[in-house]
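Reading through the structure tokens given below for one structure.
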DNA sequence: TCTGGGTAAATTTTT
DNA sequence: TTTACCCAGA
């Protein structure tokens, strides 16, 4: 059923508008709906006192005991539980990471479980790092565990990589232990290269990922307007063979390969499996957990079904439900929220289908949730400019202020207006290694040297626009494949080296680089700790001191090489080549070179971020922008019921980011195509006693002044340097203009030109 | 090679 | 609403 249809159907029901909640309305007459509610009697409630256990801990590890004393009874219960299978339903802001780390410490120090007998699985590197750091902080007076003891502490993917390498059955799958890892973009490059070099006919090429998913799940080949099947299946077969031949795995392969291996032969059964953010597990990750356990192994998982916002990535809320129904699992809960003030938390919990005491506030009542109406995003941004100045003057640091958005596109105009008005701000999003040309090049250099059959990395080294010497494309691929036809080479790298010296003699330095890459493995092994990759690879020549970015590039690359040094030294176990490969795998898995301490984000200003990116963060002041119906929930053609529920949880996550002040805004005239009039109907679930509705939208008269319309364009309107807004490309700057055309630079979208008379541009 | 009809879709992002 | 794209027919 389409969303529109759904809305219409729901509007026709005769519910009073105040309590009108389309979701529950829909649930009441559509069937069947799986309930998310955990029955209250399913919980094992805590005892009144755990001081006897704490006294015992005191004798063995006083530092831990004093930390445990600070926990509440629910938290202590979970830490001290002796149950073999325990699922902890942790409410938002209830200290779940604290419980998880204390549990690990308790098991280790008091119950005597070696750390190497625990698999502690997380979804993000950040979480893995935080857990490890918290554990290491308990070793003030003793030698901390080495990296070998903590080798099964990490993300699902990094632990999978570790297990794959240790497993004897890898060869049977056609891989060797020195496999390398492709990130999502590398995988796309890889597939596109196969399409070109095998001359495959593949339609909808930039929907390749979507099509592959459709094929995997539903064996569907025909897509869109296609009449006949294309070479999609062939592509899959070729890619499978190429991956084995080149010893490459993508992220998904890591999990499925280890599952395949463990089904064949269980090599390692940890005594304890500990899982963080359990609600985000997908089917394969659940399988991995099962493959790592047997009758005697213990299991402890922490999660919050109400914060499950990644169904589109494969997690299913049903998983939580299944475990709850499994009577061999003990279920405990952490209902106490320490973050959000009372009225705000109450408002947020109205979005959940939970019992009253499921989520309990521990703080003061605080302020009400504000629902504010703005005319449009432009006006809203200027409201914030004023507001943030006030808030800042009242002593709230800018880093404690965040503006949340449903989509990334909404962010651009706020960023540019804040910059224009001198409000320091930062768009929180992961910067891609690929966008930092020098570091991306370095990554590919090292990958080529460490994995000399990784054709894509080799190609990227020599076809880089900034640092390479060849032009990427079909032509290069076909001349290369003609060149190697019928010849035998030890590796792709060697083949490429011969190819270069035969066909591109003039690029002597690059031929030289190729030679050094072929010797990289020996260099790393023989020189032991005395490596200087910068010098060995003569990077100074390629970075070109004349380039504008030279200084930054050199600094970035030296920094990256330092990180590698640090990592390899810290984790060294006897094979320098292996440890460099491990380091580069970690770089691929994390998407940056800061593999020791993670990326240090020095946020100085107001944070602008999507709700998804805000998960796990908290701010004193939170503003959710543009929450019209149609944006929250985000309207889609094929919206199922599950989508609506997830969007509601997303709103819940947004509301629970705030500590003291929360505002939700909606626009009278939204610029988004899918936005409807009026605020998100999800807000109807919140009783008006908990809300404060404010209208700051201008009256009709002032509307005309403050909101730029697409007026008749006269030639004088466009001037070089004018900042403009485009409905699709966001904000840009006029680069040139004449009577016919306007050329405008939209940053990441590049330069676009429009007919002067019709340009859909608005001055800002 | 160009035109018009038809179809799907648009979002979130970690590893 | 707008955009991207396949496909068939000029």
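The values are calculated or read from the model by the stated rules, or taken from the named source; none is laboratory data. Keep in mind it's a predicted model, so treat the numbers as computed, not measured. Quick reminder, even Gly has a Cβ in these numbers, built from the backbone with ideal geometry, and neighbours come from all protein chains shown.
Taking the conditions exactly as written (touching a strand residue (DSSP E or B) at 6+ places or on another chain (Cβ under 7 Å) and not in a strand (DSSP E or B)), does residue A:339 satisfy them or not? Let's see the steps before the verdict.
Details: touching a strand residue (DSSP E or B) at 6+ places or on another chain (Cβ under 7 Å): yes; not in a strand (DSSP E or B): yes.
So residue A:339 fits the description; yes.
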Practice item. Could you tell me which of the residues A:409, A:436 is within 16 Å of DNA strand C (Cβ to nearest atom) and modelled with pLDDT under 95? Key: A:409
Check your understanding: Looking at (1) in the same structural domain as residue A:63 (by the TED database); (2) farther than 24 Å from residue A:449 by Cα, can you tell me which one residue A:209 breaks?
Key -> (1)
Check your understanding: Applying the selection to segment A:660-678, what residues are more than 14 Å from residue A:405 (Cα to Cα) and away from DNA strand B (no atom under 16 Å from the Cβ)?
Key -> A:660, A:661, A:668, A:669, A:677, A:678
Exercise for review: Could you look through segment A:664-700, keep only residues that are more than 16 Å from DNA strand C (Cβ to nearest atom) and free of Cβ contacts under 8 Å to residues at least 40 places away in the same chain, and pick out the one that is farthest from residue A:347 (Cα to Cα)?
Suggested key: A:700
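Out of A:191, A:214, which single residue is buried (at least 18 other Cβ atoms within 10 Å of the Cβ), over 30 Å from residue A:272 (Cβ atoms) and within 15 Å of DNA strand B (Cβ to nearest atom)?
Values: A:214 fails: buried (at least 18 other Cβ atoms within 10 Å of the Cβ).
Matching residue, one of A:191, A:214: A:191.
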Check your understanding: Hey, any hits in segment A:616-639 for a residue that's modelled with pLDDT under 90 and away from DNA strand B (no atom under 14 Å from the Cβ)?
Key -> no
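Given the criteria in the same structural domain as residue A:464 (by the TED database), over 28 Å from residue A:436 (Cβ atoms) and not in a loop (DSSP other than H, G, I, E, B), does residue A:497 qualify?
No: the conditions fail for residue A:497.
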Review point. Hey, among A:572, A:550, which residue is in contact with a helix residue (DSSP H, G or I) (Cβ under 9 Å, 6 or more places away or on another chain) and more than 30 Å from residue A:412 (Cα to Cα)?
Key: A:572
Check your understanding: Restricting attention to segment A:405-412, does a residue exist that is outside any helix (DSSP H, G or I), touching a helix residue (DSSP H, G or I) at 6+ places or on another chain (Cβ under 9 Å) and without any contact (Cβ under 8 Å) to a residue 24 or more places away in the chain?
Key -> no
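Is it the case that residue A:440 is in a helix (DSSP H, G or I), free of Cβ contacts under 8 Å to residues at least 40 places away in the same chain and in contact with a helix residue (DSSP H, G or I) (Cβ under 8 Å, 6 or more places away or on another chain)? Walk me through it before giving the result.
Details: in a helix (DSSP H, G or I): yes; free of Cβ contacts under 8 Å to residues at least 40 places away in the same chain: yes; in contact with a helix residue (DSSP H, G or I) (Cβ under 8 Å, 6 or more places away or on another chain): yes.
Yes.
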Practice item. Identify the single condition in (1) exposed (fewer than 13 other Cβ atoms within 10 Å of the Cβ); (2) in contact (Cβ under 8 Å) with a residue 40 or more places away in the chain that residue A:542 does not satisfy, given that it satisfies every other one. Key: (1)
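Filtering segment A:388-399 down to residues that are surrounded by fewer than 16 Cβ atoms within 10 Å (Cβ to Cβ) and more than 28 Å from the chain's Cα centre (by Cα), which residue is nearest to residue A:423 (Cα to Cα)? Outline the logic, then answer.
First, pick out the residues of segment A:388-399 that are surrounded by fewer than 16 Cβ atoms within 10 Å (Cβ to Cβ): A:389-390, A:393-395, A:397.
Narrowing further to those that are more than 28 Å from the chain's Cα centre (by Cα): A:389-390, A:393-395.
Numbers: A:389: 8, A:390: 12, A:393: 13, A:394: 16, A:395: 15 Å.
Looking at residues that are surrounded by fewer than 16 Cβ atoms within 10 Å (Cβ to Cβ) and more than 28 Å from the chain's Cα centre (by Cα), I get A:389.
Against the condition in a helix (DSSP H, G or I) and within 16 Å of DNA strand C (Cβ to nearest atom), how does residue A:254 come out, does it pass? Let's see the steps before the verdict.
On the way: in a helix (DSSP H, G or I): yes; within 16 Å of DNA strand C (Cβ to nearest atom): no.
The answer is no for residue A:254.
Quick check on my filter: what residues within segment A:628-647 are under 20 Å from the mean Cα position of the chain (by Cα), surrounded by fewer than 22 Cβ atoms within 10 Å (Cβ to Cβ) and more than 16 Å from DNA strand C (Cβ to nearest atom)? Give the derivation first.
We begin by selecting, within segment A:628-647, every residue under 20 Å from the mean Cα position of the chain (by Cα); these are A:634, A:643, A:646-647.
Still in the running and surrounded by fewer than 22 Cβ atoms within 10 Å (Cβ to Cβ): A:634, A:643, A:646.
The answer is A:643, A:646.
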**Study point:** Given (1) in contact (Cβ under 8 Å) with a residue 24 or more places away in the chain; (2) closer than 20 Å to residue A:160 by Cβ; (3) buried (at least 19 other Cβ atoms within 10 Å of the Cβ), number of the condition residue A:253 does not satisfy
**Key:** (1)
Revision key, fill the gap. Taking segment A:75-91 and keeping only residues that are in contact with a helix residue (DSSP H, G or I) (Cβ under 6 Å, 6 or more places away or on another chain) and not in a strand (DSSP E or B), one is left with A:75, A:78, A:79, A:80
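Here's the yes/no breakdown for (1) within 27 Å of the chain's Cα centre (by Cα); (2) part of a helix (DSSP H, G or I); (3) modelled with pLDDT of 95 or more:
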position: A:237; (1), (2), (3): no, yes, no
position: A:240; (1), (2), (3): yes, yes, no
position: A:245; (1), (2), (3): no, yes, no
position: A:249; (1), (2), (3): yes, no, yes
position: A:267; (1), (2), (3): no, no, no
position: A:274; (1), (2), (3): yes, no, yes
position: A:279; (1), (2), (3): yes, yes, no
position: A:288; (1), (2), (3): yes, yes, yes
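From A:524, A:513, A:493, grab the single residue that is crowded, with 22+ Cβ neighbours inside 10 Å and over 17 Å from residue A:460 (Cβ atoms). Talk me through it step by step, then tell me what you get.
Numbers: A:513 fails: over 17 Å from residue A:460 (Cβ atoms); A:493 fails: over 17 Å from residue A:460 (Cβ atoms).
None of the others qualify; the one that does is A:524.
Looking only at residues that are in contact with a strand residue (DSSP E or B) (Cβ under 6 Å, 6 or more places away or on another chain) and within 16 Å of DNA strand B (Cβ to nearest atom) in segment A:309-323, which one is farthest from residue A:113 (Cα to Cα)? Talk me through it step by step, then tell me what you get.
Going residue by residue through segment A:309-323, those that are in contact with a strand residue (DSSP E or B) (Cβ under 6 Å, 6 or more places away or on another chain) are A:314-315, A:323.
Narrowing the set further to residues that are within 16 Å of DNA strand B (Cβ to nearest atom) leaves A:314-315.
Values: A:314: 33, A:315: 30 Å.
Result: A:314.
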**Study point:** Residues (surrounded by 14 or more Cβ atoms within 10 Å (Cβ to Cβ), part of a helix (DSSP H, G or I) and under 24 Å from the mean Cα position of the chain (by Cα)) located in segment A:413-437
**Key:** A:413, A:414, A:415, A:433, A:434, A:437
Exercise for review: Only one of these is assigned by the TED database to the domain that holds residue A:276, within 16 Å of DNA strand B (Cβ to nearest atom) and modelled with pLDDT of 90 or more: A:186, A:160. Name it.
Suggested key: A:160
